[in-house]
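Asks: Take a look at the following structure, please.
The values are calculated or read from the model by the stated rules, or taken from the named source; none is laboratory data. Everything quoted here is computed from the prediction, not taken from an experiment. Neighbour counts are summed over all protein chains in view; Cβ atoms, including those assigned to glycine, are modelled from backbone coordinates with ideal geometry.
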Amino acid sequence: MYVFNIVCKKRSLIFILCLFCFVCSFSQQKQLQDYISLGLDNSPLLKDLKNQKGVNLIDSLKILAGYQVQVNGISTNSFSPASNGWGYDYAITNGTNFTQQVVATKKLVSKENLANQHEAIRLLNESLNVSGKISAQDFSKSITAQYITAYGVHQQIIFNLSLLDLLKKEVAILKVYTEKGIYKQTDYLNFIITTQQQEIVNEQLAAQYQNEIASLNYLCGIKDTARVLLADPIIKIEPLVEMERTIYYQQFIVDSFKLKNNIAQVEYNYKPKLNLYADGGFLSSFSYMGYKNFGASAGVSLTVPIYDGNQKKMQFNKIKIAEQTRQDYRDFFKKQYDQQIIQLLQQLTAINKVIAQAEKQIVLTETLIDANKKLLEIGEVKITDYILAINAYLNTKNTITQNTINKLQIINQINYWNKK
């Protein structure tokens, strides 16, 4: 008995020292928003979307540049030898051609056509804005979900530490009464085993907590192995908005405008095109006074589409199919959105009921433990009954913690779908 007590004391002392080191090793406390901000700043996807908007700005400038005067230098030099009637027809080749010109061309485009092309770029940027908001919301949701999971483990650690403290105090009391013969040695051993099991659970939770923090850091792109304490996640249900005002529905609206813009652009592409050109330089075959063949010219070219094998109609049909696809996705999203919100609200109601019932039960189990504690001090409680009461308290407390975490996860999902 004496040796067993020494072993128990050593184990308790070692655990307390380890626990003290574990708690003291936490270097800082972090908020949920800290992780979300860092995660969004580190996201390569969001950076990519931002860079794409910069590329679109360049494309918009290229459209303007394409309708400015285009100046090119052209040099064409050819020699077509002929002998004894063999060779290219001299009437066509002139034998020798030597061309050194500067050519200027300018496309003429209507203001409406130019505005429509710029509108296409604007709509593309608007689509990127919506995609960026959705991606940021997806990322925030994932980070929040992982934060809540880690926070739940942390809450379990806090509760189990308080329970372990209670058990250790009861072990000390039970030891005295066991030595006096009031309780059996087996009762004392059962209580010691229960306490040691709780120590193992706490050590497992500590390891799990560090793994969850590591997963959170990995998700946010944070290279940090320091121990942290997580602050309470302040998550409340945001006021529900109409589905048409959510960021997810905005993508369907932008896509509709893009298709209308495509229709207008097809129409502009099939309108007559007018180009101006002018050139100046040296153009000669050297057949007569080549040194006098410096000159200039100017002109207008007109292209009028007449027939292209019904390609215009085919393009309109493609846009029509794309519009039907857009409407199908939009209608499915409406049904999915309504069903998802209703389901989440129902789950939230059910979880609140479970938490309320468990909180009532926890009051009874706490009363039972207090009663057993008083009876233990006078040696009138069955250890098995006391252990059962502790287990019931532990299970009920874990039920509250788990359902509270599930409640936060559901609120996170509701706010995800409710983003505008």
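Asks: Output the number of the condition that residue 380 fails; it satisfies all remaining conditions of (1) assigned to a helix (DSSP H, G or I); (2) without any contact (Cβ under 8 Å) to a residue 40 or more places away in the chain.
Replies: (1)
Asks: Here's a follow-up. Can you confirm whether residue 101 is buried (at least 17 other Cβ atoms within 10 Å of the Cβ) and under 27 Å from residue 279 (Cα atoms)?
Replies: It is true that residue 101 is buried (at least 17 other Cβ atoms within 10 Å of the Cβ) and under 27 Å from residue 279 (Cα atoms).
Asks: Moving on to the next point. What are the residues in segment 332-366 that are among the β-branched types (Val, Ile, Thr) and under 18 Å from residue 411 (Cβ atoms), if any?
Replies: 341, 342, 349, 351, 354, 355
Asks: With (1) aliphatic (A, V, I, L, M); (2) outside any helix (DSSP H, G or I); (3) assigned by TED's automatic domain parsing to the domain that holds residue 407 as the list, and residue 276 as the residue in question, which single condition is left unmet?
Replies: All conditions are met except number (3).
Asks: I'm trying to understand the selection: among the residues of segment 200-222, which are among the small types (Gly, Ala, Ser) and not in a helix (DSSP H, G or I)?
Replies: 221 - this is the single residue of segment 200-222 that is among the small types (Gly, Ala, Ser) and not in a helix (DSSP H, G or I).
Residue-wise test of (1) at positive phi; (2) among the acidic types (Asp, Glu); (3) touching a residue at least 12 places away in the same chain (Cβ under 8 Å).
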| site | (1), (2), (3) |
| --- | --- |
| 82 | no, no, yes |
| 85 | yes, no, no |
| 88 | no, no, no |
| 94 | yes, no, yes |
| 97 | no, no, yes |
| 102 | no, no, yes |
| 109 | no, no, yes |
| 113 | no, no, yes |
| 119 | no, yes, yes |
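Asks: Further question on the same structure: Please specify each residue of segment 300-335 satisfying the condition of being part of a strand (DSSP E or B) and either β-branched (Val, Ile, Thr) or on the phi > 0 side of the Ramachandran plot (or both).
Replies: Within segment 300-335, 300, 303 meet the criteria.
Asks: Determine which member of the set 82, 115, 120 is surrounded by fewer than 16 Cβ atoms within 10 Å (Cβ to Cβ), of a type outside the set (Phe, Trp, Tyr) and under 22 Å from residue 257 (Cβ atoms).
Replies: Only one candidate passes the filter, namely 115.
Asks: Is at least one residue of segment 303-326 within 30 Å of residue 70 (Cα to Cα) and among the hydrophobic types (A, V, I, L, M, F, W, C)?
Replies: yes
Asks: Hey, residue 225 hits all of (1) within 30 Å of residue 78 (Cα to Cα); (2) polar (S, T, N, Q); (3) part of a loop (DSSP other than H, G, I, E, B) but one; which does it fall short on?
Replies: Going through (1) within 30 Å of residue 78 (Cα to Cα); (2) polar (S, T, N, Q); (3) part of a loop (DSSP other than H, G, I, E, B) one by one, residue 225 breaks only (1).
Asks: Which residue out of 19, 32 is among the hydrophobic types (A, V, I, L, M, F, W, C) and modelled with pLDDT of 85 or more?
Replies: 32
Asks: Is it the case, given these coordinates, that residue 190 is in a helix (DSSP H, G or I), modelled with pLDDT of 90 or more and of a type outside the set (Val, Ile, Thr)?
Replies: Criteria not met by residue 190.
Asks: Within segment 46-81, track down each residue that is in a loop (DSSP other than H, G, I, E, B) and of a type in the set (Phe, Trp, Tyr).
Replies: Selection gives 67 alone.
Asks: Separate question: As an exercise: evaluate residue 281 against (1) surrounded by fewer than 16 Cβ atoms within 10 Å (Cβ to Cβ); (2) outside any helix (DSSP H, G or I) and give the number of the one condition it does not meet.
Replies: If we test residue 281 against (1) surrounded by fewer than 16 Cβ atoms within 10 Å (Cβ to Cβ); (2) outside any helix (DSSP H, G or I), just (1) comes out false.
Asks: I'd like the full set of residues that are more than 25 Å from residue 108 (Cβ to Cβ) and either in contact with a helix residue (DSSP H, G or I) (Cβ under 9 Å, 6 or more places away or on another chain) or surrounded by 14 or more Cβ atoms within 10 Å (Cβ to Cβ) (or both), limited to segment 291-310.
Replies: Answer for segment 291-310, where residues must be more than 25 Å from residue 108 (Cβ to Cβ) and either in contact with a helix residue (DSSP H, G or I) (Cβ under 9 Å, 6 or more places away or on another chain) or surrounded by 14 or more Cβ atoms within 10 Å (Cβ to Cβ) (or both): just 293.
Asks: Quick one: in segment 228-273, which of the residues that are within 21 Å of the chain's Cα centre (by Cα) and in a loop (DSSP other than H, G, I, E, B) is surrounded by the most Cβ atoms within 10 Å (Cβ to Cβ)?
Replies: Checked segment 228-273; the qualifying residue surrounded by the most Cβ atoms within 10 Å (Cβ to Cβ) is 246.
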